[in-house]
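The values are calculated or read from the model by the stated rules, or taken from the named source; none is laboratory data. Everything quoted here is computed from the prediction, not taken from an experiment. Backbone-built Cβ (ideal geometry, glycine too); neighbour counts: all protein chains shown.
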Amino acid sequence: MARRPASNPTLDASTRVAVLHGKDAYLRSRHTSELRAALEAEHEDLDVLSFDGLSAQPADVLDECRSFGLMARHKLVVVDNADSFIKEAARPLLERYCQAPSDSATLVLRSDRWNKGKIDDRISQIGAIIKCEAFSPAEAVGFVAAQAREHGAAIEPATAAMLVERVGTDAGRLSGEVAKLAIAAGCWGVSGNSGNAKGAKAGKAPKGSKAGGASEREQAPMITGAHIDELVGQTREDEVWGLQDVLIEGRPEPILASLRRVLDNAPRETSVLVTIVMIDLARKMHALGRAMAAGENPRSVTGKLRIWPFERAGAMVERARRSSPDRLRELVHAAIEADLRQKSGLGRSHRTIERLALKFAAV
């Protein structure tokens, strides 16, 4: 098989092994759809098989890749939770497979994390390793423009920035909001397919076009700031509940920055809501920690606790797994104590919340 360039990784019909890693589940799904479309265009029939890396055996999955399909000429084999799937003992199996991958199968490994190793060079020769992390604000603006084009609409850079400021940089939410706004602007159908997620990540326009160019603005319905004001409401409560994501991530600097953005110039009752949000998160993480310690399936527990969206549930499970039920119970007690201090007027409200937030980073 011909050697592929290691830089600027792409997904196409020649991809034999792909690694899609990072916290953004929407981008992992989008890249997978892009690859599937390329394979379907190349092969008359495509068989798609999915495995959960938490339970699948590496030898069984690789045997599936090597075996011939009864009906389809090519297989797309997708393994989620690949970081659990490719343990240290299993890496030699994958390394040997990558030395001679099946020409009739494409293996996609998806996970929040990926531990670099010598296998990365070989995968880059026969496929791609793509990081699926949250957008920066500038990347998010480019992504919004690309999404608008896919729906046959146009959007000015300043208006795209307004949308990003309103809802944040989450790719899945931005995609849904743009779809809604495109309809409001007069686009009732979708032009093109799922598009190139890699190009959207970089904020690039399709070949032959310029983002926000004059010809595009003349031909396509325009998404305006008025559409955003009418259809994309962001309440302070939405913003406060969004703090749970950064608390789960557990990095002190982003936590404090997000808190200050929410609390600065906010009415006093916002501080009370913030502690309620923290109590809710601490209780759910404690319940998850206890359930996993008792051997329960975390997926069933997230459903009972009504943890949503899916990306938050997965991140919460992983964070609870890295801690212990005792430490999480202490976090619940600390959150309740902070709430009591808030309601009784003891201490400085913002400092109380900041100290509690840093305890989330420490568990």
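Which of the helices (runs of 4 or more DSSP H) contained wholly in the stretch 120-230 include at least 3 residues that are modelled with pLDDT under 90 and closer than 26 Å to LEU109 by Cβ? Because the criterion is at least 3 residues that are modelled with pLDDT under 90 and closer than 26 Å to LEU109 by Cβ, the helices (runs of 4 or more DSSP H) in the stretch 120-230 that meet it are 171-185, 197-202.
If you go through the stretch 89-104 and keep only what is touching a Gly at 6+ places or on another chain (Cβ under 9 Å) and assigned to a loop (DSSP other than H, G, I, E, B), you end up with PRO101, SER104. Return the residue satisfying two criteria in turn: it lies in the stretch 78-93 and is aliphatic (A, V, I, L, M) and free of Cβ contacts under 8 Å to residues at least 60 places away in the same chain, and of such residues it is surrounded by the fewest Cβ atoms within 10 Å (Cβ to Cβ). It comes out as ALA89.
Given the structure, is LEU20 touching a Cys at 6+ places or on another chain (Cβ under 6 Å) and assigned to a helix (DSSP H, G or I)? For LEU20, the condition - touching a Cys at 6+ places or on another chain (Cβ under 6 Å) and assigned to a helix (DSSP H, G or I) - is not met. So, ARG341, is that one charged (D, E, K, R), within 30 Å of ARG110 (Cα to Cα) and assigned to a helix (DSSP H, G or I) or not? Considered against the rule, which asks whether it is charged (D, E, K, R), within 30 Å of ARG110 (Cα to Cα) and assigned to a helix (DSSP H, G or I), ARG341 comes out as no.
Sub-6 Å Cβ pairs linking a first residue in the stretch 29-45 that is in contact (Cβ under 8 Å) with a residue 24 or more places away in the chain to a second residue that is in a helix (DSSP H, G or I) and crowded, with 17+ Cβ neighbours inside 10 Å, at least 6 apart or interchain, are ARG30/ALA197; HIS31/ALA197; GLU34/ALA197, ordered by first then second residue. Of the numbered conditions (1) at pLDDT below 90; (2) among the basic types (Lys, Arg); (3) within 26 Å of the chain's Cα centre (by Cα), ARG4 satisfies every one except a single condition; which is it? Every condition holds for ARG4 apart from (3). Assess whether LEU76 counts as being part of a helix (DSSP H, G or I), under 19 Å from LEU20 (Cα atoms) and either small (Gly, Ala, Ser) or in contact with a helix residue (DSSP H, G or I) (Cβ under 8 Å, 6 or more places away or on another chain) (or both). The answer is no for LEU76.
With respect to the conditions (1) over 28 Å from GLU296 (Cβ atoms); (2) out of contact with any Gly (no Cβ under 6 Å at 6 or more places or on another chain); (3) part of a helix (DSSP H, G or I), ALA334 lacks only one, and its number is (1). In the stretch 231-260, of all residues being of a type in the set (Gly, Ala, Ser), at pLDDT 85 or above and part of a loop (DSSP other than H, G, I, E, B), the one that is nearest to the chain's Cα centre (by Cα) corresponds to GLY242. Selection of the stretch 62-106 for residues being in contact with a strand residue (DSSP E or B) (Cβ under 6 Å, 6 or more places away or on another chain) and aliphatic (A, V, I, L, M) yields ALA72, LEU76, VAL77, VAL78, VAL79, ALA82, ALA105. Residues in the stretch 311-351 that are surrounded by fewer than 19 Cβ atoms within 10 Å (Cβ to Cβ) and polar (S, T, N, Q): SER323, SER324, SER344. Taking the condition in contact (Cβ under 8 Å) with a residue 40 or more places away in the chain, surrounded by fewer than 20 Cβ atoms within 10 Å (Cβ to Cβ) and under 24 Å from LEU39 (Cα atoms), does ASP121 pass? The answer is yes for ASP121.
Consider SER324 carefully, then state whether it is in the same structural domain as ASP245 (by TED's automatic domain parsing) and without any contact (Cβ under 8 Å) to a residue 40 or more places away in the chain. When the stated conditions are applied, SER324 passes them. For the stretch 59-77: of the residues being modelled with pLDDT under 90 and surrounded by 13 or more Cβ atoms within 10 Å (Cβ to Cβ), which is nearest to THR15 (Cα to Cα)? This residue is ARG73.
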